[in-house]
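The values are calculated or read from the model by the stated rules, or taken from the named source; none is laboratory data. The shown structure was predicted, so the numbers you read here are calculated from the model rather than taken from an experiment. Backbone-built Cβ (ideal geometry, glycine too); neighbour counts: all protein chains shown.
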Amino acid sequence: MSKKTRKICIDLTDVAWYACRNETIGGIQRVQLEVARALIQELPDVYVFSDLYLRRVDMSVFLRGRNAAEGYTAIREFFAPNFSTWAWKESRRRIARELELIAGRAAAPVGIHRATFGHEDLIFVGGSFWALRGRSLDLMERSSRRSAAVIALVHDLIPLVYPEFTNGRARPYFERLLSAPICAIANSEHTDLELRRHSKEGGIRSLGVIPLAHEFPGFARGYFAGDPPTARLKALAGCRFALCVGTIEIRKNHYALLRLWEKLRAQFGDLVPKLIVAGREGWMAKEALKLLQSATPDAPYGMLQAPCDSELAWLYSRCNFTVFPSFAEGWGLPVGESLWFGTPCVASARTSIPEVGRDLCLYGDPENIDSFAEPILRLSCDHTALSQSRARIRAARLRTWMQTARSIASRLVDIAGYASVYT
């Protein structure tokens, strides 16, 4: 097989769009930015871009010398003031002109140009390919037809496997992905199993698994926070509390957890710490949101909406333990992040989550929320059990984002060195 080097191109289109609509970084966006940052450091000629309308924007300037959260903020500051007020029906020509004006006002040069991808390129899509009505999926299909090598990092197949947790809008894009003649890297053994099970003949082909990281970027392993970084955390300083991190949506199982917490606090009082739910408002979770939004200061639980990284680090490091009763995940970032701070987690025993938590977590069945009661009470009331759990976590090997990114970089470099990835 003859060697032929391909240029590696990383699509961050969905990150740019997400940043226009959300002040704080989300899980999938964090994954993409950490991988892109590491690839920029590892490889000499990586092209990191967004493709919102007619023009492609070079995104590497936002990531060099910054962590993921800082890069996200820079992306948001660049795009959001100009994009957030535009209606979808604005003409592409006008938007292209505006993009050129944005570039002219940027503190650092940001290349904006048209580009096409073909046989000399390798396209890597690491995020929400279904966003923007499948903008990145369109790019993958077009590039594949032009003989580019196309690799997708598949985070999950939840819209196909667990449609009851979605609104159904993303499902057609996932079906198209499985039929596309491209390759995929799965983020967990569970995702890879689902990918192989649902792939179509002549469609997507799995290249295996590269697991994500436990690391919470920007904070050393075992970091313990001092004073609260924001005023809204001051009420928790010096208090015992448990933590549940994640978007408040039906799949995360918040409502059942809140009802369980009410029962435990009614039965055991202050022996069970107050539960703090930290995350942005999601979908199909009206009952949980109603409970959280109406909670009084002396309620068994409270809510911290859309926490920033410094707030999350404070919460992870200062809580007694975390709880993660999700029905289904492709990975489960909050479980790994909890372990990164040395904090025990009572987690769901479903889908990919035990791959993240391994034997470092206590587990329950999300279909039977009462099964979470025993491990919650153990960590709440048994100081020896809590200390032993923390000691096991401290002694364990945890995965960093640099390790994940280098694994992906190695896979992409290997593929980019050949004329065809499909033969």
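Assorted remarks:
- Among the conditions (1) at pLDDT 55 or above; (2) crowded, with 18+ Cβ neighbours inside 10 Å, Ile112 misses just one, which is (1).
- Criterion applied to Ser352, Ser317 was being of a type in the set (Gly, Ala, Ser), on the phi < 0 side of the Ramachandran plot, modelled with pLDDT of 95 or more and over 17 Å from the mean Cα position of the chain (by Cα), and the one residue passing it is Ser317.
- The condition of being at pLDDT 70 or above, more than 26 Å from Gly279 (Cβ to Cβ) and either in contact with a strand residue (DSSP E or B) (Cβ under 9 Å, 6 or more places away or on another chain) or surrounded by 23 or more Cβ atoms within 10 Å (Cβ to Cβ) (or both) holds for only one of Leu122, Leu33, Leu63, that being Leu122.
- Strands (runs of 3 or more DSSP E) (entirely within region 253-351) containing at least 1 residues that are buried (at least 23 other Cβ atoms within 10 Å of the Cβ): 274-279, 322-324, 345-348
Residues are listed down the side, and each one gets a yes or a no for (1) modelled with pLDDT under 95; (2) of a type outside the set (A, V, I, L, M); (3) within 21 Å of Ser352 (Cα to Cα):
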site	(1), (2), (3)
Ala184	no, no, yes
Glu194	no, yes, yes
Lys200	yes, yes, no
Phe216	yes, yes, yes
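- Screening the candidates Gly269, Gly238, Gly226 for the property of being outside the structural domain of Asn167 (by TED's automatic domain parsing), within 28 Å of the chain's Cα centre (by Cα), small (Gly, Ala, Ser) and more than 25 Å from Leu289 (Cβ to Cβ) yields one hit, Gly226.
Here is a yes/no grid of residues against (1) of a type in the set (Lys, Arg); (2) closer than 14 Å to Ser380 by Cβ; (3) free of Cβ contacts under 8 Å to residues at least 40 places away in the same chain:
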{"residue": "Leu233", "(1), (2), (3)": "no, no, no"}
{"residue": "Gly238", "(1), (2), (3)": "no, no, yes"}
{"residue": "Phe241", "(1), (2), (3)": "no, yes, no"}
{"residue": "Ile250", "(1), (2), (3)": "no, no, no"}
{"residue": "Trp261", "(1), (2), (3)": "no, yes, no"}
{"residue": "Leu271", "(1), (2), (3)": "no, yes, no"}
{"residue": "Lys274", "(1), (2), (3)": "yes, yes, yes"}
{"residue": "Val277", "(1), (2), (3)": "no, no, yes"}
{"residue": "Met284", "(1), (2), (3)": "no, no, no"}
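- Check on Leu412, in contact (Cβ under 8 Å) with a residue 60 or more places away in the chain, closer than 30 Å to Leu160 by Cβ and of a type in the set (A, V, I, L, M): yes
- Any hit, region 266-287, residues being farther than 26 Å from Ser188 by Cα, among the aromatic types (Phe, Trp, Tyr) and in contact with a helix residue (DSSP H, G or I) (Cβ under 9 Å, 6 or more places away or on another chain): yes
- Members of region 355-375 that are among the hydrophobic types (A, V, I, L, M, F, W, C), farther than 11 Å from Leu257 by Cα and either part of a helix (DSSP H, G or I) or in contact with a Phe, Trp or Tyr (Cβ under 7 Å, 6 or more places away or on another chain) (or both): Val356, Leu360
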